[in-house]
Each structure stands twice: as structure tokens, then as C-alpha cells.
Amino acid sequence: MAEAFDILVIGSGVAGLSVALAAAPRRVAVLSRGAFGEDGSSAWAQGGIAAALGEGDSPALHAADTLAAGQRRNDPEAVARLTEAAPATVRWLDALGARFDRGAHGYALGREAAHAHARIVHARGDATGAEVMRALRAAARAAAHVTVLERRCAFELARAADGRVAGVRAHGPAGVELWRAGAVVLASGGIGAVYRYTTNPAYADGSGLALALAAGAEAADLEFVQFHPTALAPRAGERGQLPLLTEALRGAGAVLLDARGRRFMPALHPDAELAPRDVVARAVWAEGARGGAFLDATRAVGGAFPERFPTVFAACMARGLDPRRDAIPVVPAEHYHMGGVRVDAQARTSLPGLYAVGEVAASGVHGANRLASNSLLEGLAFGRALGERLAQSAPEIAPAVLPGTRDWRPLDAAADAELADLMWRHAALVREARGLQAALAELAALRARLPAAAHGGDRLLLAQRMLQAMLARRESVGAHYRSDAPRAACA
Ligand code: SIN
């Protein structure tokens, strides 16, 4: 029997590492899909961490903005917990060694769309995720209670005889491994690779959520998928992860232009380029069909680009585009999944022994549309809180687990592309019943051609559950826009 741990965390982004660090002195294993700390979305995050740290701001005002962005489909109690924990979360990271941008009076607080106050903490301009991950990774490496297991893909939850989740089967460098644990924490991030274009890296493929669904965990809000309005437009034949052009550029005054060089957002929303993310994303999508959309920061940022937005600058220059001089072609791309495994206030899923935190979890904080810079915050704040709880009361490690029932095989490249294409065509920014039904039929045909019970099969199950949730919600609200259904009233 393989080694056993008090806590096993699937995922090595901000949520997983926050659980692991806060759970000391319990013995924690962290399963990382690729090289440690470099495989998930966290390190790519250009937005910052929202926290009411400025004069005149408060957690209640931060909560009000979060509820408004989420169209009040959020859980107000979860939102209050998140926004109240935010200032202490930034200070915790500071104590761990994260270096945030500072001004004369403390943290340099930025303002982003739909925030009524300047409350976004950044690091090196647009490199916040990379800096936070650097600090967490260093702390985890130095922590004697944390073991990192790299290049592992979890594919099945292991059960004890009484039915509770008591470990994980993973594919690792030497084949299938069993890791037993008192508590299993899912912190596997997002679903980007389910769509043709995404701002997420390739390992954010929804397999963590798929594994939980296959085990019978309850899900919530699967239809709420956020698309970022400004990813760098793909070159011919390019697919998968596209570089992000952070919303902070529009916060700094960059404007969106159509193919003839005219601004199109002022006619669509009073807040123009700083309208809610779903509104801007659909407008960019529509302009794409008319000849293209472009982000022009030449006046607003100009020569300060390399210093203020080094990550975006490098991505554009690598494509031969100079954002100091030229408007940059942009498209919307899948960015964040508000839905996921349903959890309660203590991050418990419906399966005893299984917890979930971060993007894979549906904690209720984001509602129908996530407010910018609340995602790193959620992973950090709720991850840390869960780690502290498990440090006090991690369940006993079961002496044995039942035999595994499943095989592991990824989707092959052709099936993977077929899945991402059908989701892009029918289940992206604009949906309607006919298209969603067509997508379900295409998915069923794809499933029928593939061997059952493989890892890839679970990702097909995830797509199926998402499509069914999109069909079931016969209203347009937040990021879920149905061209054949009325817009819901915002309560
Ligand atoms: C961005 O920088 O535009 C993304 C920030 C976020 O998604 O919170």
C-alpha cells in the first residue's frame, strides 16, 4: 500500500498551496499536474487581489460590488466571508514574502471595472499571479509538513468501506499510484481547455471537476462561464491558450475599436470599456464577426507600456505587435468558471471526506459573473481557512480502500479538438436551445466512438453536464446569455 497522508491536495495553484501551508503540522501531499507550481492558471493571473485596504473603503463596499457583478446570484454570506478575509489575506502573503507594488502610503491600490473603489493590490504591474506563486512555492518547499508530488494526474477518488473518500488514484511517472489520505482537497482549477480559446494554460482542462462529477459529487452553476473580452487574437490555426490583455489596460484608459477604427462601447453601455465583463465580451465577439476588434492603449499607456504592463508588452512584441504604437487585435476567450463542485461554508462537498476550494469549487461567492480580482482572493482566503480547519480536525486515515474501478486514458488530440470546437460553437458567449441540443448530439456521437470509463470520458461528462445546465437555465443572466431567452431582472 502506498504512503498515506493526513491531507491530500489535488492541485498546486494558490488554492492548493494555501490549504497545504495553513494545515501545518498535519502531513500534507500536494499533487501537481506538471512541474511544481508552474502548471495552473494562478501564475498567469495578471489582475491582482481585491481587498478593502484603502481609505473610505470597507469589506461591505467590496461585498456590494461583488454582489452587483454576480447579478445577486451569489450567496451573500459567502461573499461577506470572502471580503472580510481579504485584507488579512494580503497581509498573510506579505508575511510569507510576496512583494506587492507600493506607493507613498502603503500598497499601490488599482481600480478595475465594476469596483467602486481603488482596491486592487498588484505585483510588478501585471505579474501578480507569478509573484504570489513564487512566494507560496518558496514557503511550501521550505515547509517540512508538505510533500509535493509532481507530474501526477488524479483520475479516481478512492473510497473506504464506509463510502467516504479516503484517497486518490493518480497516473504518475511510474504508472498508476494510490495515495491514501484522511481528507482529499480538490484544488484543481478551471476548465479552459474545454473551449477552443482560453486564457488558461493547458492543464486547466476540467479534469478535476470531471473526476468529482464522475464520483457523484453535487455540482452547481455549471452554466456560468466567464469569457474575458481581450485575449490576443489567434494566428491562423492557433488554438488553446491565448495571451491575456489585462482589464487594467482599460482601467488605465485603453479603448476598444472596430475594424474601421471607431470606438463601439460608448454606444452600448454607460460605462463604455469599463462595462461588466460579459457585456464587453459579447460586444467584442460581435465585432469579431464584423471584421475584428482592437484594443488601443497607444494614448493611455504609450511609452510606459514596458514598465507598467511588462507581461502584456512581452506577449505582444513576441507576435511582432508593438502596443506603444499599434492597436492590438483581440478576441474573447474562456477565462473563469464560476460553477463547479458545490461546497458549503466549510468547503465540504456532498461526498464525505472530499473538500473543494478555488476555481473548481462553487462556493457561491461569484454568482452569475465574477468580479475582477476576486479569484486569486478566493483561492487564497478560502484555501487558508480550510487548511486551518483541517489542521484542527483532519479526519482519520482509513486503514484500507476499496479496489479501483476505472482505467485512465486522456482524450486523443483529435477528440480533444472536437470537444473544444463544439463547445466554442454552441456553448460560448451566445447560446440558444437549438445549438445546445446540437452540441449534446455531437457530444453523444463523440462519446460513442471512444472507449468508456477513460479519463477523457469524464471530460465529456463534464461538457455534457455544462450543456444540460445551459439548456435548463431559460433566462439570460450575467455570463449566461441565451439569445432565445429573456434577460432576468437583477434582484
Ligand atoms: C485581468 O487582468 O483582466 C483579469 C483579472 C481577473 O480575471 O480577475
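Since every read-out is calculated from the coordinates, none of them should be taken as a lab result. Here the structure is a predicted model, which is why all the values come from computation and not from measurement. Note that each Cβ is placed from the backbone with ideal geometry, even for glycine, and that neighbours are counted across all protein chains shown.
Worth pointing out:
- Between the stretch 418-445 and the stretch 43-57, the Cα center-to-center distance that results, in Å: 36 Å
- Of the DSSP H helices in the chain, those with a Cα length along their own long axis of 18 Å or more and a mean Kyte-Doolittle hydropathy reaching -0.5 comprise 76-96, 128-142, 277-290, 375-393, 413-426, 433-449, 455-472.
- Take the convex hull of the alpha carbons in the stretch 85-149; its mean projected area over all directions comes to 5.8 nm².
- Estimated Rh, the chain: Kirkwood, alpha-carbon pairs, angstrom: 22.6 Å
- For the chain, size of Cβ-based charge dipole, Lys and Arg +1, Asp and Glu -1, in debye: 360 debye
- Dipole of the stretch 106-205, positive end: most advanced residue of 107, 194, 130 [Cβ charges, Cα centre]: 107
- Cβ-based net charge around residue 281, under 13 Å, with every Lys or Arg adding one and every Asp or Glu removing one: -1
- Look at 418, 3, 223 and count the other Cβ atoms within 10 Å of each Cβ; fewest to most, that gives 3, 418, 223.
- The distance linking the stretch 140-189 with the stretch 313-344 is 32 Å (Cα centroid to Cα centroid, whole angstrom).
- Sequence of 83, 311, 405, 298 once ranked by neighbouring C-beta atoms within 10 Å, starting from the fewest: 405, 298, 311, 83
- Spatial offset of the stretch 234-261 relative to the stretch 367-386 amounts to 24 Å, using the alpha carbon center of each.
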